[in-house]
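Chemist: Could you have a look at this structure, given as structure tokens, before my questions?
The values are calculated or read from the model by the stated rules, or taken from the named source; none is laboratory data. Worth saying up front: this structure is predicted, and the values here are computed from it rather than measured. Cβ placement follows ideal geometry from the backbone for every residue including glycine, while neighbour counts extend to all protein chains displayed. Just the protein is used for accessible areas: all its heavy atoms, side chains included, with ligands, DNA and RNA removed. Shrake-Rupley method; radii C 1.70, N 1.55, O 1.52, S 1.80 Å.
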Amino acid sequence: MKKGYLLLESGQLFSGVRVGAPSSVMGELVFNTSMTGYQEIMTDPSYAGQIMTFCYPLIGNYGVNAKDNENAKIQMQGVLFSNLCELPSHYQSIKTVDQWLKQSDVPGLANIDTRAVVKAVRKSGTMKAIISDSPDFSLIDWSQPLDQDMVAKVSAKTMTTYEGKGPHVVLIDYGYKKSMLKALLDEGCKVTVVPYNTNSDAVAALHPDGVMLSNGPGDPIQLQPLFGEIKKIASAYPTLGICLGHQLIALAYGAKTGKLLFGHRGANHPVKELTTGKVWMTSQNHSYVVEKDSIDTEQFSISYLNVNDQSVEGLSHNDLPIETVQFHPEAHPGPDDTHPIFLNFMNMIKQNKGEVTHAVTY
């Protein structure tokens with residue numbers, strides 16, 4: 001197999017073997033600690049523009065199947081493996097990860113010292129990195145900016161409606177995962193997926209009962225021109241914001257966001273629900289967080305905090321039916337401890353419509 005290299009902006013060099021597409025790419029270097037669910041991770045649009053390192057050393061063991069994609073294609077810029085299985089064993093497998101990467105035109109490296117890569121990221125933070133055939137740093141222009149317009153690339157270009165007999169939910173697509181749509185459809189909702197830049201008038205014309213703001217890639221401040229419309233939409237309908245959607249709602253209401261050193265990416269992040277004191281295990285994938293001190297407590301209450309670093313994991317509006325979570329209640333991969341957040345959203349919609357409901361319990 002052909003030799004390949006990972007070059008870090010910090011000056012470190014790692015060697016491995018080329019897998020996937022033969023191209024050279026630059027991206028933001030990140031890592032994920034999940035032990036399963038590599039197919040869902042690789043198709044999560046939130047990884048657009050990033051080179052993702054799998055911490056778990058054995059990837060590809062059960063191959064790639066036709067059902068578990070969270071998006072139609074691999075969205076990440078590149079991917080790093082310690083050991084990539086060439087002979088998967090699973091009755092649903094239709095191809096190997098290497099074959100899938102080649103077909104998707106996404107490059108990768110295997111036989112990489114992923115533990116050392118993760119240590120480098122934990123020490124210096126997320127940084128630019130390059131997958132290349134050459135170990136020569138002199139050939140690289142590190143001043144080259146990374147693409148900041150990733151949401152526009154992964155968002156739907158047209159509106160799509162999925163019929164259902166329940167409440168009508170508009171899902172604003174910043175790079176949504178299929179499991180979010182499925183969670184709404186499983187509750188009987190009619191769902192209309194709309195592009196990320198859909199304005200409040202266009203949403204109103206759909207006459208929704210509720211609105212969901214999805215996950216997505218990149219720095220939320222890049223979407224600042226949309227904050228005014230996001231606030232109008234969230235103020236008008238029962239609203240649930242997830243991951244990037246959580247950050248955008250916070251920003252629209254005047255809060256600030258900051259970047260973590262190396263982010264939260266994995267399927268075992270403990271989050272504390274402040275009203276009950278319960279701790280839930282959650283699936284997460286983000287670099288940016290809402291800054292606690294910037295939240296207007298007259299408008300929002302913090303509903304969840306990260307147990308490990310006390311970062312904000314959720315907000316609840318004090319007067320309006322607006323809830324946000326930084327983690328992924330739809331999981332896939334990961335635990336579904338917090339799936340009842342979707343039930344709470346349904347409850348908010350029913351209460352707003354004046355229907356008789358009962359409190360959702362865990």
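Chemist: Gln75 fails exactly one of the following numbered conditions: (1) at pLDDT 95 or above; (2) open to solvent by 20 Å² or more (accessible area, probe 1.4 Å). What is the number of that condition?
Modeler: Of (1) at pLDDT 95 or above; (2) open to solvent by 20 Å² or more (accessible area, probe 1.4 Å), only one is false for Gln75: (1).
Chemist: List every residue pair whose Cβ atoms sit under 9 Å apart, with the two residues 6 or more apart in sequence or on different chains, where the first one lies in the range 201-230 and is without any contact (Cβ under 8 Å) to a residue 40 or more places away in the chain and the second, anywhere, is part of a loop (DSSP other than H, G, I, E, B) and aliphatic (A, V, I, L, M).
Modeler: Ala202/Met159; Leu206/Met159
Chemist: Continuing with this model, one more query. Just the residues that are modelled with pLDDT of 95 or more and assigned to a loop (DSSP other than H, G, I, E, B), please, taken from the range 148-164.
Modeler: Within the range 148-164, Ser155, Ala156, Lys157, Thr158, Met159, Glu163, Gly164 meet the criteria.
Chemist: When you scan the range 312-335, do you find a residue that is part of a loop (DSSP other than H, G, I, E, B), modelled with pLDDT under 95 and either open to solvent by 60 Å² or more (accessible area, probe 1.4 Å) or of a type in the set (Phe, Trp, Tyr) (or both), even just one?
Modeler: Yes, there is a match, as at least one residue in the range 312-335 is part of a loop (DSSP other than H, G, I, E, B), modelled with pLDDT under 95 and either open to solvent by 60 Å² or more (accessible area, probe 1.4 Å) or of a type in the set (Phe, Trp, Tyr) (or both).
Chemist: Out of curiosity, is Ser143 assigned to a loop (DSSP other than H, G, I, E, B), open to solvent by 60 Å² or more (accessible area, probe 1.4 Å), in contact (Cβ under 8 Å) with a residue 12 or more places away in the chain and among the small types (Gly, Ala, Ser)?
Modeler: For Ser143, the condition - assigned to a loop (DSSP other than H, G, I, E, B), open to solvent by 60 Å² or more (accessible area, probe 1.4 Å), in contact (Cβ under 8 Å) with a residue 12 or more places away in the chain and among the small types (Gly, Ala, Ser) - is not met.
Chemist: Mind listing whichever residues of the range 33-67 are open to solvent by 50 Å² or more (accessible area, probe 1.4 Å) and either in a strand (DSSP E or B) or in contact (Cβ under 8 Å) with a residue 40 or more places away in the chain (or both)?
Modeler: Those that are open to solvent by 50 Å² or more (accessible area, probe 1.4 Å) and either in a strand (DSSP E or B) or in contact (Cβ under 8 Å) with a residue 40 or more places away in the chain (or both): Thr33, Met35, Thr36, Pro57, Leu58.
Chemist: Examine the range 109-121 for a residue that is touching a Ser or Thr at 6+ places or on another chain (Cβ under 9 Å), under 22 Å from Asn215 (Cβ atoms) and outside any loop (DSSP other than H, G, I, E, B), and state whether such a residue exists.
Modeler: Yes - at least one qualifying residue is present in the range 109-121.
Chemist: Considering only residues that are open to solvent by 90 Å² or more (accessible area, probe 1.4 Å) and more than 26 Å from the chain's Cα centre (by Cα), look in the range 86-105 and name the one that is nearest to Lys2 (Cα to Cα).
Modeler: If we take residues in the range 86-105 being open to solvent by 90 Å² or more (accessible area, probe 1.4 Å) and more than 26 Å from the chain's Cα centre (by Cα), then Glu86 is nearest to Lys2 (Cα to Cα).
Chemist: State which residue pairs qualify: first residue more than 24 Å from Tyr47 (Cβ to Cβ) and inside the range 285-312, second residue assigned to a strand (DSSP E or B) and acidic (Asp, Glu) in any location, beta carbons under 6 Å apart, and separation of 6 or more residues or different chains.
Modeler: Leu305/Glu313
Chemist: Now a separate question. Show the residue pairs that are 6+ apart or on different chains and have beta-carbon atoms under 6 Å apart, the first residue being within the range 151-166 and closer than 19 Å to Leu184 by Cα, the second being charged (D, E, K, R) and open to solvent by less than 30 Å² (accessible area, probe 1.4 Å).
Modeler: Pairs that qualify, where the first residue is closer than 19 Å to Leu184 by Cα and the partner is charged (D, E, K, R) and open to solvent by less than 30 Å² (accessible area, probe 1.4 Å), are Ser155/Asp173; Ala156/Asp173.
Chemist: May I ask you to verify whether Ser301 is polar (S, T, N, Q), open to solvent by less than 20 Å² (accessible area, probe 1.4 Å) and modelled with pLDDT of 95 or more?
Modeler: No; evaluated as a whole, the condition is false for this residue.
Chemist: Right, next: Would you mind stating whether Ser301 is more than 26 Å from Ser34 (Cβ to Cβ) and assigned to a strand (DSSP E or B)?
Modeler: yes
Chemist: Continuing with this model, one more query. Looking at the range 83-93, is at least one residue part of a strand (DSSP E or B) and not β-branched (Val, Ile, Thr)?
Modeler: yes
Chemist: Report, ordered by the first and then the second residue, all pairs with beta carbons closer than 6 Å, sequence separation of six or more or different chains, a first member in the range 5-24 that is over 15 Å from Asn111 (Cα atoms), and a second member that is assigned to a loop (DSSP other than H, G, I, E, B) and not basic (Lys, Arg).
Modeler: Glu9/Trp142; Ala21/Asp105; Ala21/Val106
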